[in-house]
2 protein chains.
Amino acid sequence: MDKFEVKLDQAARAAWMSYVGGITQDEIASQLGVSRPGVQRLLALARQEGLIKVHIDHPIAACMTLASAIRERFGLDYCDVVPAEASAPEGAAYYLAVAGAERVSRLVERSDPLTLSLGTGRSVRATVESLSRIERPQHRFVSLVGNVARDGSSNRYDGVMVLADKTGGQRFLLPSPVVASTVEEKASLQQQPLFQAITQVALEAEAAFIGVGQIDRQATLFQDHFISEAELDELLGRQAVGELLGWPMTADGDVVECSITRRVTSLPLEMFRDQPIVALAGGVAKGPAILAALRGGWLKGLVTDQLAARHIVEHF
Amino acid sequence: MDKFEVKLDQAARAAWMSYVGGITQDEIASQLGVSRPGVQRLLALARQEGLIKVHIDHPIAACMTLASAIRERFGLDYCDVVPAEASAPEGAAYYLAVAGAERVSRLVERSDPLTLSLGTGRSVRATVESLSRIERPQHRFVSLVGNVARDGSSNRYDGVMVLADKTGGQRFLLPSPVVASTVEEKASLQQQPLFQAITQVALEAEAAFIGVGQIDRQATLFQDHFISEAELDELLGRQAVGELLGWPMTADGDVVECSITRRVTSLPLEMFRDQPIVALAGGVAKGPAILAALRGGWLKGLVTDQLAARHIVEHF
DNA sequence: TCATCTATCGATCAAATGATCGTATGCGGT
DNA sequence: ACCGCATACGATCATTTGATCGATAGATGA
């Protein structure tokens, strides 16, 4: 095995010249007295033996590692992880919004008519607000979640509204509360032609950008009075850890069947199995919920922050 | 300057994908939403800003760094640094010989007639002894240093002898002591037709492989009785720290003019200004001598070990 | 000793990379 | 507001890199 040692020596030399010295393989070949393919084999050996350690000296490097791990593990089309600003917690939210806006604008910028669907939540709102104005009247934007609160007031600043305002595109809002008061109300809503028309548009969307909700006392669903405290307790009792479009799910990503589920008016998740859903969510509290959504295989894309990403990779 | 931060962020991302992730630049370009040349600029920026740290996980890496530094600093054609075997001091000598033999055999292996000149010293001897046998009767080997001791005995195992034996090439030995007894003896020697003929051959050599001598109580010149103790003291008094081919020189690489110099019979160093001289020497004791030879600009190539190399770079 | 097998090596080609150039875009000054 | 400058961007080409294939040399066993 002494022969192998010599090979490794040469491999290390070649690796040094190539990576540190920036020498071309031709040059290395003549320096080492081997053929160029020989140098390639040496470099391959060096890589294989783990002789070469590359370190990117920038905070973003950790994010990239996390992003790559998550993308691999859950077969995502993409995963962006933005740095967590330890000093300014809102900084991370801003980063998240910018990163999300980047992904959205990629789609919106193009000239062909585009249909995009949006969920609700702070992250989605912040994301569309980060977008710059661009004239795209040919685009259509549709909301996947009802934007009417229990008291009947309509959220004037839904993401779809902002996006349509910024682009001049068409808007399609779901004229319903997130959770209907009764099963009958839900059925009645779903029979409205308007509701069905919007459903149809949503099905034609090329991508869906949605938030991820956590299920606890800080849950948006609860804080915004879409569900009552008793209903929250019921969800917690059924092991719900997060929600997508108002659909609560367990840690494994299965949608929880319960009294609330039967009254959720959002479009059923199964409907989007073949559509790319992109989640926009960050913060350590959202970690378990995002992980659940990933486990359920609902997502094709994810824009998150370092805190949530770290939680996710630690609980694969 | 916030703009610059964003650029650096992207540069770090691109660098991560390229170096750690092994993604192609085309892929990175589409992931980052820029053109491929844009990615190149980002990578160039990342390199320039020192974001990318490559570490070769092998003892040889340190040697390569030293070698590169020395080659750069003194404009050498090449510099090989072999690892110092902390456990076995003779191991390093063996490595040195193998590394030197590698350089020599590059030249010897070729079929065109070759003229090679050799100095004396343990390193040169060990080097030629490491060479494998190869039939090259068309080659010529010439010694640059007299191989006759003060007592008149001839060193039967001069490097030239060994090399000629191994290749079947012609041998040209300098029939003189390294240091003549008197200036007159030197003059007389130099007038011999044989001496002049050999000088002529030496001038036709394509490369010279020589040792480097230190000037102290362990000096080969002194140990082998080429100079007396009084002469050694004289050299030390004149700040000589090393010698090439018997020519003592100061730390700056200037040849010392003194009573000994006038009696040295080796071919004058100036004669080789346009010839590639390669020094073979290692060990911490040889450090100052090698550094002097480098400072004098006498060398075009160097094969040394980690100990000497470290001394050299620390005393640039 | 010969045959065969395997491992290694170098020629060739496709892909990826780096560099140069012309062009566009934005910014500051007049 | 317009002009000029500077900076940055993207198309194109040369170089470098990676991979595949056939060939050759050495090893191993019959």
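Every number here is computed from the coordinates shown, using simple stated rules; none is lab data. Keep in mind the model is a prediction, meaning the values are calculated, not measured. Don't worry about glycine lacking a Cβ; one is built from the backbone with ideal geometry, like all the others, and counts go over all protein chains shown.
Structure summary
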quantity: Exposed trypsin sites (Lys or Arg not before Pro) absent - longest run of chain B, DSSP non-H/G/I/E/B, at most 12 other C-beta within 10 Å; calculated: B:1-109
quantity: Shape parameters for the protein assembly as shown, alpha-carbon atoms, Rg then Dmax in Å; calculated: 38.5, 126
quantity: Cβ-based net charge around B:Ser105, under 12 Å, with every Lys or Arg adding one and every Asp or Glu removing one; calculated: +4
quantity: Under 13 Å from the Cα of B:Lys7 - aspartates and glutamates, other chains or at least 8 residues apart; calculated: B:Glu49
quantity: Axis-proximal residue, chain A, for the rotation superposing A on B (Cβ, Å); calculated: A:Val54, 3
quantity: Proximal lysines relative to A:Lys286, as straight alpha-carbon distance under 20 Å, when same-chain residues fewer than 8 apart are discounted; calculated: A:Lys300
quantity: Net +/- balance of residues flanking A:Glu129 in space, Cβ distance below 13 Å, scoring K and R +1, D and E -1; calculated: +2
quantity: For A:Val142, distant residues with modelled amide H under 5 Å away; calculated: A:Leu116, A:Ser117, A:Leu118, A:Phe172
quantity: Ascending list, in nanometres, of distances separating the A:Val284 label from those of the other copies (7 Å, Cα toward Cβ); calculated: 5.1
quantity: Charge tally in the Cβ shell below 10 Å around A:Met64, where Lys, Arg are +1 and Asp, Glu are -1, A:Met64 excluded; calculated: 0
quantity: Which of B:Ala67, B:Val183, B:Met271, positive extreme of dipole for chain B (C-beta unit charges); calculated: B:Ala67
quantity: With at most 16 neighbouring Cβ atoms within 10 Å, loop GluC sites (Glu not before Pro) (DSSP) excluded, longest segment of chain B; calculated: B:136-203
quantity: Square roots of five times the Cα gyration tensor eigenvalues for chain A, Å; calculated: 48, 22, 17
